[in-house]
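These notes concern the structure reproduced below.
Bear in mind that the values in this text are calculations on the coordinates, not laboratory data. Note that the structure is a prediction, hence the values are computed from the model and not measured. In this analysis, Cβ positions are derived from the backbone assuming ideal geometry, glycine residues included, and neighbour counts consider all displayed protein chains.
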Amino acid sequence: MVKINSKNLNIWFDKIQVLKNINIQIQSNEILSIIGPSNSGKTSFLRSLNRMNELEPTSKIDGLIEFDGTNIKDMNVELLRQKVGMVFALPLPLPLSIFDNVAYGARMHGIKNKQKLQEIVEKALNHAYIWDEVKDRLNESAFKLSGGQQQRLCIARTLAVEPEVILFDEPCSGLDPISTAKVEETMLQLKNDYTIVLVTNNVKQAARVADRTAFFLSGELVELDQTDKIFTAPSDQRTDGYIRGKFG
Amino acid sequence: MIMNSKITQKAAFFFFLLATLLIVIPVGLIVFIIVIKGAPAISWDFLFSMPRDGMRAGGIFPAIIGTICLVVGSIAFALPIGVLAAIYLSEYSRDNLLTRIIKLAIVNLSGVPSVIFGLFGLALFVVFLGFGASILAGSLTLGIMVLPIIIAASRVALESVPMSFREVSLSLGASKWQTIRHIVLPNAIPGIMTGTILEIGRAAGETAPILFTVAAFYLPQLPKSIFDQAMALPYHLYVISTQVPNVDEKIRYGTALVLLALVLSVNLIAIIIRYKLRKNKKW
């Protein structure tokens, strides 16, 4: 089933075109990874899926993105962002306690009942595989956690609003290998319940976790195929060059 | 050559030190002289009784109360308006000609001499709106005077909250207002408070804006409502220093000491609050 469908998507920032005619169909419960060198438009594509690009006043967006068949421009933006969660490149805890970080989204959506919040927080932290590490210090500042723990806390925070799609924007770029492995393991577990779009600079990460992989170059989608195929027999020479490390 | 550059360096350091001392010495001397000359006047009676004998004796209680009323009134007016305007300017407004003109106007407003605010207050509040010379008119005039700085300080405070916090909050499906209310504003409060408290000191000390709008020359009773005239410390100091002959020096310096202590203690509170809140800052 197609979860997100982007048709002829073009994006400009300040008259510079960063995405050119992107057509991608994202399937339910898959991990789609997007690889490509910096400035290839990967993150701009990701941020267009939850309408975060609109925060940039100079942005201009043309084309259509459908979420479950509905044009996302016609959706209430808060509802869209509730359904399409996002994990940022750097661990970005809010200046609140661990508990309040995870409960933030639920509170903003009107859940006040303490017991309900407690349940939501515990479930989300469990899903992000960090509950055991933080269960005794929920009232401490989230900034006291290590970088890897902070990033898993951010994943839990995203899960707590019960999204259907999770966008990961280079989630491991600031993490050590052990934390990276934990985050990747988390993503593989989440696949059962969520659709995941993963933007990564780390080609090997895409090979490890993704079902399908898209290769972006200078704002264009060069190739999109099963991850196995992309990494063994890509149809485009540029894809081959990039994954072999000839440029990028 | 090497000796030469060493001597130049020492000379430069000496002048830097001198320049720094030149700032400290006058401040120190002002405080010192006022404390030495004013301290003997300070007594329970001086602080809490009415002036007598054409202000040559008695206390300055009504002036203290008047100044407190004016400060509270002006901040009650300027703080909400200033913070709301700052939120609009830094969070909602787009960068266009109109908002640039507004921002420029605010910056210029903070450079307008205070006596002009006094005249403006006289024309608008006292005469046109018919408040008469009253605490209300004086508070509003002082409020308009401190407004630009409160807006500027609040804007800086709001804009110093990292953009990433806003993005995280929005990405979780919070609305723009929820983001401001729960993330931006709480983290901007230390900066807003510092700016506001410093402006309290200014509102307490200014003479010109209250000259035509509220200050009573001699009024040995406390104001009963916001439509009453009131005495105020800075104007009282001016009056007993220049307009009333034969006022004991002790009383003049005592009044100055009370005003100075009021303003400096407010500034001290600002510094302490800022220090404490910065220590709690979590990013």
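Among the conditions (1) touching a helix residue (DSSP H, G or I) at 6+ places or on another chain (Cβ under 8 Å); (2) basic (Lys, Arg); (3) over 26 Å from B:VAL35 (Cα atoms), B:LYS250 misses just one, which is (3).
Residues of the range B:137-156 include none that is within 14 Å of chain A (Cβ to nearest Cβ), in contact (Cβ under 8 Å) with a residue 60 or more places away in the chain and buried (at least 19 other Cβ atoms within 10 Å of the Cβ). Being touching a Ser or Thr at 6+ places or on another chain (Cβ under 8 Å) and more than 22 Å from B:ARG155 (Cα to Cα): is that true of B:PHE13 here? When the stated conditions are applied, B:PHE13 does not pass them.
Restricted to the range B:157-171, and to residues there that are farther than 21 Å from B:ARG274 by Cα and of a type outside the set (Ser, Thr, Tyr), the residue that is surrounded by the fewest Cβ atoms within 10 Å (Cβ to Cβ) is B:MET163.
Once the range A:184-204 is narrowed to residues that are in contact with a Ser or Thr (Cβ under 8 Å, 6 or more places away or on another chain) and hydroxyl-bearing (Ser, Thr, Tyr), the residue that is surrounded by the most Cβ atoms within 10 Å (Cβ to Cβ) is A:THR200. Exactly one residue out of A:ALA214, A:ALA207 is under 19 Å from the mean Cα position of the chain (by Cα) and surrounded by fewer than 20 Cβ atoms within 10 Å (Cβ to Cβ): that is A:ALA207. Checked across the range A:144-151, the condition of being of a type outside the set (A, V, I, L, M, F, W, C), touching a Gly at 6+ places or on another chain (Cβ under 7 Å) and surrounded by fewer than 20 Cβ atoms within 10 Å (Cβ to Cβ) holds for at least one residue.
Within the range A:185-196, residues that are within 13 Å of A:VAL84 (Cα to Cα) sit with their Cβ atoms under 8 Å from residues that are of a type in the set (D, E, K, R), at 6+ positions apart or across chains, in these pairs: A:TYR194/A:GLU164; A:THR195/A:LYS3; A:THR195/A:GLU30; A:THR195/A:GLU164; A:ILE196/A:GLU30.
If you go through the range B:172-214 and keep only what is under 30 Å from A:ASN50 (Cβ atoms) and either within 25 Å of the chain's Cα centre (by Cα) or buried (at least 20 other Cβ atoms within 10 Å of the Cβ) (or both), you end up with B:LEU172, B:GLY173, B:ALA174, B:THR179, B:ILE180, B:ILE183, B:VAL184, B:LEU185, B:PRO186, B:ASN187, B:ALA188, B:ILE189. Inside the range A:67-105, residues that are crowded, with 18+ Cβ neighbours inside 10 Å, part of a strand (DSSP E or B) and more than 10 Å from chain B (Cβ to nearest Cβ) make up a count of 1. For the range A:144-157, the condition holds for no residue, the condition being that it is without any contact (Cβ under 8 Å) to a residue 12 or more places away in the chain and of a type in the set (S, T, N, Q).
The criterion of being surrounded by fewer than 20 Cβ atoms within 10 Å (Cβ to Cβ), under 30 Å from A:LEU80 (Cα atoms) and among the basic types (Lys, Arg) does not hold for B:ARG274. Are any of the residues in the range B:7-28 in contact with a helix residue (DSSP H, G or I) (Cβ under 9 Å, 6 or more places away or on another chain), on the phi < 0 side of the Ramachandran plot and part of a helix (DSSP H, G or I)? No: zero hits.
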